[in-house]
Amino acid sequence: MKPILLFDSGVGGLSVLARVRERRPDLPLVYAADNAGFPYGTKSEGEIGARVPALLGRLVERYRPAMAVIACNTASTIALASVRAALDVPVVGTVPAIKLAAERSVSRVIGVLGTEATVRQPYVDRLAAEFAADCTVIRHGSARLVELAEAKLRGATVDGAAVAGELAGLLGHPDGGRIDTVVLACTHFPLLADELAAAAPRPLAFVDGAQGIARRVAYLLSDTAAASVPPQGRAVFTRGGAAVDALAPALHSFGLDTIETL
Ligand code: DGL
């Protein structure tokens, strides 16, 4: 049975994988992390635009998936169109859940917390114009939260003050005091959901796109029969080493028992 390939720069896409697995626990999954290229959020559009389609091409050739999910906002907002053009399988992307936030916000002031690369993308301008035209959309980029999520999954204790500091960066923008809904526009950030909620100085709703992606995947594969044998979960990294070894327990908790290097 063909697997679903999920792709991110690191462990962030596991927040998407978890929702996909909830909907279709019967499908085999390959989780690919480009840890040799990590982090994406501080890279240029040119670097991401060249790297991601080429790498996904190699992964599709190797694992022959039924579909590819770019479980990364940075890669999707920069390279989704070129990945689709380069691959001969359906591609589902991850883009900031601004539509969902606009549906929920009462104050009509929305925060978008993503990587530095994501928050500057014209793709985000278009989402804000199309789905949140009557809202003030405040964007903030954080590389530190990405690092903290990676460290958490390697077993480190998360520094609550550091999380609070990153959130304060968003809330401290002019008008930031009126934000009631925060889009977690980086797939790493839902992995810090508890820490973000604890760090919030007042009640904030955090939203992300993972449920929507899982719905889309299930819809596209609705004709695919359930596997008769328990599905495999495989994690593949672009570079091996001690940092990957340290992730093994977390990967196991997400159902990924085979770990290999591309
Ligand atoms: N998880 C990625 C995202 O959704 C990016 C993290 C990074 O490599 O900076 O944007």
Practice problem: Could you state the angle between the C-alpha long axis of helix 160-171 and the longest principal axis of the C-alpha atoms of the chain, as a value from 0 to 90 degrees rounded to the nearest 10? | Solution: 60 degrees
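Quick one: with all protein chains in place, what share of the accessible area of the range 168-262 is carbon or sulfur, to the nearest percent (1.4 Å probe)?
55 percent
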Quiz prompt | Heavy-atom accessible surface of the range 65-112: percent carbon and sulfur, 1.4 Å | solution = 55 percent
Quiz item: Per-residue ellipticity at 222 nm for the chain, helices alone: DSSP H runs ≥ 4 residues times -39500 (n - 2.57), over residue total, nearest 500 deg cm²/dmol?
Solution: -12500 deg cm²/dmol
Exercise. Can you pull the one-decimal nm distance between simple spin-label points at Q211 and D88, each 7 Å off the Cα toward Cβ?
Key: 3.8 nm
Quiz item: Ignoring ligands, DNA and RNA, what accessible area per residue does the range 179-262 give at 1.4 Å, in Å²?
Solution: 48 Å²
Quiz item: Taking a quarter of the surface of the Cα convex hull of the chain, what do you get in nm²?
Solution: 13.0 nm²
Practice problem: Identify all lysines with a Cα-Cα distance to K152 below 25 Å; exclude those on the same chain that are fewer than 8 residues away in sequence. | Solution: K43
Quiz item: For A248 and R108 in one chain, what is 0.36 nm times their gap in residues minus the Cα-Cα distance, to one decimal in nm?
Solution: 46.2 nm
Quiz prompt | Peptides ranked, highest mean first, by Cβ atoms within 10 Å: ranges 192-198, 99-105 | solution = 99-105, 192-198
Quiz item: Sorted from largest down, what three extents in whole angstroms do the Cα atoms of the range 139-262 have along their principal axes?
Solution: 53, 39, 22
Quiz item: Ranked highest first by average number of other Cβ atoms within 10 Å, how do 151-157, 177-183, 106-112, 218-224 line up?
Solution: 177-183, 106-112, 151-157, 218-224
Quiz item: Mind checking the angle between helix 122-131 and the chain's longest principal axis? C-alpha axes, 0 to 90 degrees, to the nearest 10.
Solution: 70 degrees
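Take every Cα pair under 8 Å in the range 117-262 that's 6+ residues apart, average their separations, divide by the length, and report that relative contact order as a whole percent.
Averaging sequence separation for qualifying contacts and normalising by length gives 20 percent for the range 117-262.
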Quiz prompt | By average C-beta atoms within 10 angstrom, highest first, the peptides 71-81, 200-210, 245-255 | solution = 71-81, 200-210, 245-255
Quiz item: Accessible area per residue, 1.4 Å probe, Å², for the range 114-167: what's the number?
Solution: 45 Å²
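The values are calculated or read from the model by the stated rules, or taken from the named source; none is laboratory data. Fair warning: this is a prediction, and the values are worked out from it, not measured in the lab. Reconstructed Cβ throughout: ideal geometry from the backbone, glycine too, with neighbour counts over all protein chains shown. Keep in mind that these areas ignore ligands, DNA and RNA; they rest on the heavy atoms of the full protein, side chains included. Shrake-Rupley method; radii C 1.70, N 1.55, O 1.52, S 1.80 Å.
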